[in-house]
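Comments concern the structure below.
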Amino acid sequence: MHYDVVIIGAGMSGLAAGIRLAYYDKRVCIVEKHYAYGGLNSYYKIDGREFDVGLHAVTNYVKPGARGAPLTKLLRQLRISHEELALREQSFCEIRFPSHRLRFTNDVAVLTDEVSRAFPDQVDAFRRLIEDIRAYDDTQLDPPHQSTRAVLAEYLSDPQLIDMVLCPVMYYGCAGEHDMDFLQFVIMFKALYLEGFARPRDGVRHIIKTLVKKYRSCGGSLRMRCGVEKIEVAGSRATGVTLDTRETLTADAVLSSIGAVETLGICPGAFDTTGPIEPGIVSFVESIVVLDRLPQSFGHESTITFFNDAARFTYARPDEPVDVRSGVLCCPSNYSGHGDMEEGLFRVTWLANSDKWEGLDDAAYASLKEACKERLWDEVERSLPGFRDHVLYTDMFTPRTIRRFTGRLHGAVYGTPHKFRDGRTGLDNLFLCGTDQGYLGIIGAMLSGITMANMHVLSRE
């Protein structure tokens, strides 16, 4: 079977690229090795309950009609209305460190006021930082690398404030350790602080179902449980893909959303780089807990709390299976319009060492999960004292879970630290979209798929 474009992976970027191309009468086939759509942002059902995978928030939220915002551009390109996504805004988020707390909402003025309260000698510099970030061109495809910590130090003299600004940004979009590229920081700063957080009441499945329905209505082909064993190559071009069913699909172009290292694994020689592609090593453990009451009953009102209990914030793969010094606590019922949920739910995320979770037999793996759960829950008690007596159900995913269901080496959610912003590989018609192209988050992933489809397929006509 021949297609104009074959897309590897039915995640957010793959589905968005497929919709965009199908609108222009391209024959498109998305192939996905798993039974579920969504990739890194999927959902599953167990014991009668549905859980999101990875979704704490849809970032880049703006209200309907906001001009020039990523969400507005995305909806226009996909021909989806704001109302179709049914997004509900956060109440407020909190950055909690030992000596300071900063609250922020979808109005950056709240964060500015908080900085003025907690760091009065830093607020003028913080305002200058915001204005410079607003003016920064984050559409650049190949800017020179800049250390974010070095740039922030040019504005802010208090290392604690720098750590607090970085904590949410790094947890929600940093592929490397300790520091990040300034362009990536700008993209995430705008997404989190200048725009904001929202969530559909039904979670990520609502967004996925909307995308799949739209894609199929445009005539796109979707092949589930079809893994790609090899990208076929002739000369400097990809000719198609061979599936694990031994079927070959030929195509004029191939978009891969599975990651740079993972793409290289099924297409040796695909990338023309000066050295090997460095795989990401930053991964996470997440504990999901269902309660018989809402978190508000424990006095916890924050939608998302980014916490750090150490003197300084460290974002790196820990030596131990998990690093309990910092993490993210998300309470979905604290979004507006979610407060009448019948059960309470919270999700807590910590940095993890993937090597400690791989290679274990089932008994050792289960034992490690149980031991980590006890350590993690001790930390949760600070925010929801007494919650243990009200637990109805728990689940946990680890780097091993991420690797198993997404194919990401080391369970690296954010992929390789080196991003391929123009999506190009060493082949003329093989392109990356998604995480390793460089746009992160649900909105970012969809924009990545749209941008690569526009740039490398539709613009060539």
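Only the coordinates and a few stated rules stand behind these numbers; no lab work does. Quick caveat: nothing in here was measured; it's all calculated off a predicted structure. Please note: Cβ atoms are built from the backbone with ideal geometry, for glycine as well, and neighbour counts cover all protein chains shown.
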Farthest positive-ward along the stretch 108-192 dipole, Cα basis, beta-carbon charges - from 112, 155, 167 | 112
Sort the stretch 108-192 into rounded, prolate or oblate with this rule: let a ≥ b ≥ c be the square roots of the eigenvalues of the Cα gyration tensor; rounded if a/c is under 1.5, and if a/c is not under 1.5, prolate when a/b is larger than b/c, oblate otherwise.
-> prolate
Per principal axis, descending, Cα span of the chain in whole Å = 60, 52, 44
Virtual paramagnetic centre 7 Å along Cα→Cβ of residue 342, amide N under 11 Å, in the stretch 41-59 | 49
Point-to-point label distance, residue 110-residue 296, nm (Cα→Cβ direction, 7 Å offset) = 1.5 nm
Taking the Cβ of each residue in 1, 180, 396 as the centre, tally the other Cβ atoms inside 10 Å and list the residues starting with the fewest.
-> 1, 396, 180
Residue exposure sequence - 392, 15, 368 - by fewest surrounding Cβ within 10 Å | 392, 368, 15
What trypsin sites (Lys or Arg not before Pro) does the stretch 331-409 have in DSSP loop regions with at most 14 other beta carbons within 10 Å?
-> 382
Take the Cα gyration tensor of the stretch 8-107, multiply each eigenvalue by 5, square-root it, and list the three semi-axes largest first, rounded to whole angstrom.
-> 30, 22, 12
Based on other C-beta atoms within 10 Å, arrange 204, 62 from fewest to most.
-> 62, 204
Given the convex hull over the Cα atoms of the stretch 391-461, what projected area results after averaging over all orientations, in nm²?
-> 6.6 nm²
At residue 50 and residue 202, where each label point lies 7 Å from the Cα along Cα→Cβ, what is the point-to-point distance in nanometres?
-> 0.5 nm
Residue 124/residue 246 FRET efficiency (R0 60 Å; Cβ-Cβ; nearest 0.05) | 0.40
Binned at 10 Å starting from 0, the alpha-carbon pair-distance distribution of the stretch 270-382 in whole percents comes out as 12, 36, 28, 17, 5, 1
Could you check the simple spin-label distance between residue 366 and residue 216, using points 7 Å along Cα→Cβ, in nm with one decimal?
-> 3.7 nm
Report the charge-dipole magnitude of the chain in Debye, nearest 20, computed about the Cα centre from +1 at each Lys and Arg Cβ and -1 at each Asp and Glu Cβ.
-> 1300 debye
Count of lysine pairs in the chain with Cα separation under 16 Å (8 or more residues apart, or interchain) | 8
